[in-house]
1. Which ordering of 32, 49 is given by a fewest-first count of other beta-carbon atoms within 10 Å?
2. When a/c reaches 1.5 or more, the comparison of a/b and b/c decides; with that in mind, is region 82-195 rounded, prolate or oblate per its Cα gyration tensor?
3. Out of the DSSP beta bridges found with both residues in region 125-237, what percent are antiparallel (nearest 5)?
4. Add -39500 (n - 2.57) for each DSSP H run of 4 or more in the chain, then divide by its residues: what number comes out at 222 nm, to the nearest 500 deg cm²/dmol?
5. Relative to the first principal axis of the alpha-carbon coordinates of the chain, what is the inclination of helix 169-184, with its axis defined by its Cα atoms, in degrees from 0 to 90 and to the nearest 10?
6. Quick one: helix 222-236 against the long Cα principal axis of the chain, what's the angle to the nearest 10°, folded into 0 to 90?
7. Taking the Cβ of each residue in 109, 95 as the centre, tally the other Cβ atoms inside 10 Å and list the residues starting with the fewest.
8. When DSSP beta bridges are limited to those with both residues in the chain, what percentage is antiparallel, rounded to the nearest 5?
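All of the numbers you see were taken from the coordinates with simple rules; none came from a lab. Values in this document were obtained by computation on a predicted structure and should not be read as measured data. FYI the Cβ positions are ideal-geometry reconstructions off the backbone, even for glycines, and counts take in every protein chain you see.
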Ligand SMILES: Nc1ncnc2c1ncn2[C@@H]1O[C@H](COP(=O)(O)OP(=O)(O)O)[C@@H](O)[C@H]1O
Ligand SMILES: [Mg+2]
């Protein structure tokens, strides 16, 4: 069953994110995105699957504003934050508290900062981790701290680039459940765009699409995308 297809049903509605006919080539001439067009119609957990080199990470850099499209446009009503496979690439300071302080809005008072740090640590199930040195955290805990940092920075669009690729199954589920909960909460649900190669993760999403040849396909349910990908894999054998 198809879920709200942004190309047909939501064309004129307001979208959290819209990418229209975006083209992007690297200086080598390699064209990575070719008239890439898709919309995220509402908050939720949206997943993208695509083979290596299909342009997923480049798309995230364009949405985040680190790269500019050479044609087309990206309209984003939200504040994006990128999260990588390896949390060590984004956790900078020695303790959980000092790292989160870096992400908080500067205009908060000392006590407001204190309250907010406790709140975001609670949202990722790291209560009482405030003074823990980052090097003592497990991979899953580090990834959850990176999530807390995104929340502390008031980001409401999480761009998660294979965030569980380095995690064991238990930590993987922990991160998945937290992001799913944040995306489904009644007050200020976040929008999460999650790249994965692990098809079992598609069961958690609100919509899934395949990225290939520089384009994003239509949103379908995670279960339907799993079926389609398994059929394709069967044909290749
Ligand atoms: N900084 C870069 N400079 C030149 N080419 C790049 C750069 N980053 C990625 N590419 C190339 O762009 C293509 C798409 O890469 P990427 O967006 O990382 O794909 P994916 O994340 O789907 O694996 C690949 O061929 C890759 O080698
Ligand atoms: Mg990538």
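1. By the 10 Å Cβ count, ascending: 32, 49.
2. Values: a/c = 1.66, a/b = 1.19, b/c = 1.40.
Oblate, because a/c is 1.5 or more while a/b does not exceed b/c.
3. Details: 3 of 8 bridges.
Within region 125-237, antiparallel bridges account for around 40 percent of the total.
4. On the way: 6 runs with 76 residues, N = 237.
Here the helix-only value at 222 nm equals -10000 deg cm²/dmol.
5. Compared with the principal axis, the helix lies near 80 degrees.
6. 50
7. Placing the least packed residue first, the sequence is 109, 95.
8. Details: 15 of 33 bridges.
About 45 percent, rounded to the nearest 5.
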